[in-house]
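Remarks on the structure that follows.
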Amino acid sequence: MKIRASAPSNIALVKYWGKKEEQKPLNPSLSFSLEKAKTDVQIEIKKAENFSFEFFFEGKPKPSFHPKLEKFFSKIMGELPFLKEHHLMIETSNTFPHSTGIASSASSFAAMSLALVGLEYLLSSKGAPFNQEIAYTKASSLARLGSGSACRSLFGEFNSWGSISQTFATKVDCHPRFKTLQDYILIVDDGEKSVSSSEGHELMNQHFYRERRIEEANLHFDLLRAALAKGDVESFLEITISEAMSLHALMMTSKPSYLLMKPLSVEILSKLFKFRQSRDIPFTFTLDAGPNIHLIFFREDQPKMEAFLRNEIYPILHEKRVIKDQIGQGAKILWD
Ligand code: PMV
């Protein structure tokens, strides 16, 4: 029996930073799913005495991924008992290049979790209809155990995690105004992360600003959710920038301290701050725990944004280093 699924990466506007217990967030986070940056997965299962798996990434075996996958499977085994008596052949590929700063762990764990939930349905449904809401919610809670932010890669458009539930993400209502968001990812550096997100989350436990950060994230979360519902563009733009700057400030003030931006990130950010002052077009930007910049704007402003990029950014960052993505519709099972 086999199944195919695909899931997108997502970009957080209110950042998940710091965790407790079994992969539960210290604060609520809110993100949107991307459209083009996706992981496709195919899982084929065969009856066996015990659980075992093989893993191929872009057609090649990838033993370096095994420890992370073993940990993931041991965490989800109780939720998917069929695994205990099957051998899995997992093949995955990404639609975006590896190490571009796009969170491939989010799309991979979301795609794998949805495929596994689909397999569970095929094995045990006995003709009952597939309940998408229940299946996606279960996939979200499984994906979280692989990588926290992966739980926000199931549903389309905006997803939140840590307000309604600590263990799975839910869809966030948004005004039609936000349905055409573009996300141009400016790849300043495609090398390995200087600090893993696990280390970053860990640093929050002893952080001097821990409690204030939790308060700030809760405030930003409430304000952003209200702005998305009302169509309040100005608040959306402001909160998104403020969150990105807070995340980097937290890394700079942690012990030990990390500087995750590169000189080119700072150069680009200065140009973006200046362009915002001209109030020519409404746009915002964010960064994850790395040097790359997500430039976020509305589809109707694409020609103006492209002109700005041509004049100000492409002379310092080649256009080939820009991945042009947009808000997307979430994960899918591809029933054969
Ligand atoms: O899911 P993780 O453990 O890789 O953490 C992701 C953390 C950020 O990308 C910085 C923020 C977020 O909410 O996605």
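The values are calculated or read from the model by the stated rules, or taken from the named source; none is laboratory data. The structure displayed is predicted, hence computed values, not measured ones. Cβ placement follows ideal geometry from the backbone for every residue including glycine, while neighbour counts extend to all protein chains displayed.
Numbers at a glance
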| read-out | value |
| --- | --- |
| Every pair of residues 6+ apart whose Cβ atoms lie under 8 Å, when the first sits in segment 112-125 and is farther than 20 Å from Ser147 by Cβ while the second is among the aromatic types (Phe, Trp, Tyr) | Leu119/Phe82; Glu120/Phe82; Tyr121/Phe130; Leu123/Phe82; Ser124/Phe82 |
| Lys75 being within 16 Å of the ligand (Cβ to nearest atom), surrounded by fewer than 13 Cβ atoms within 10 Å (Cβ to Cβ) and part of a helix (DSSP H, G or I) | no |
| Those residues of segment 1-31 which are part of a loop (DSSP other than H, G, I, E, B) and either within 30 Å of Asp336 (Cβ to Cβ) or touching a Gly at 6+ places or on another chain (Cβ under 9 Å) (or both), in sequence order | Met1, Tyr16, Trp17, Gly18, Gln23, Leu26, Asn27, Pro28 |
| Boolean, Arg213 is within 13 Å of the ligand (Cβ to nearest atom) and basic (Lys, Arg) | yes |
| Residue match in segment 121-137 (condition: within 14 Å of the ligand (Cβ to nearest atom) and over 25 Å from Leu30 (Cα atoms)) | no |
| Output for segment 225-270, where each listed residue is charged (D, E, K, R) and under 24 Å from Thr180 (Cβ atoms) | Arg225, Lys230, Asp232, Glu234, Glu238, Glu243 |
| Condition met for Glu22 (closer than 25 Å to Ile134 by Cα, surrounded by fewer than 18 Cβ atoms within 10 Å (Cβ to Cβ) and either more than 16 Å from the ligand (Cβ to nearest atom) or of a type in the set (A, V, I, L, M) (or both)) | no |
| Residues of segment 127-157 that turn out to be in a helix (DSSP H, G or I) and over 14 Å from Ala12 (Cα atoms), as a count | 15 |
| Residue selected from segment 122-177 under the condition surrounded by fewer than 20 Cβ atoms within 10 Å (Cβ to Cβ) and of a type in the set (A, V, I, L, M, F, W, C), by the criterion farthest from the chain's Cα centre (by Cα) | Ala128 |
| Any hit, segment 168-177, residues being of a type outside the set (D, E, K, R), within 16 Å of the ligand (Cβ to nearest atom), assigned to a loop (DSSP other than H, G, I, E, B) and touching a Cys at 6+ places or on another chain (Cβ under 9 Å) | yes |
| Residue within segment 224-238 that is assigned to a helix (DSSP H, G or I), in contact with a strand residue (DSSP E or B) (Cβ under 9 Å, 6 or more places away or on another chain) and small (Gly, Ala, Ser) present | no |
| Segment 242-290, subset charged (D, E, K, R) and either touching a helix residue (DSSP H, G or I) at 6+ places or on another chain (Cβ under 6 Å) or not in a loop (DSSP other than H, G, I, E, B) (or both), residue farthest from the ligand (Cβ to nearest atom) | Lys274 |
| Residue list for segment 300-335, filter: in a helix (DSSP H, G or I) and within 28 Å of Asp173 (Cβ to Cβ) | Glu300, Asp301, Gln302, Met305 |
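Conditions (1) modelled with pLDDT of 95 or more; (2) touching a strand residue (DSSP E or B) at 6+ places or on another chain (Cβ under 7 Å), marked per residue:
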{"residue": "Lys171", "(1), (2)": "yes, yes"}
{"residue": "Pro176", "(1), (2)": "yes, no"}
{"residue": "Gly191", "(1), (2)": "no, no"}
{"residue": "Ser194", "(1), (2)": "no, no"}
{"residue": "Ser197", "(1), (2)": "no, no"}
{"residue": "Met204", "(1), (2)": "yes, no"}
{"residue": "His207", "(1), (2)": "yes, no"}
{"residue": "Glu211", "(1), (2)": "yes, no"}
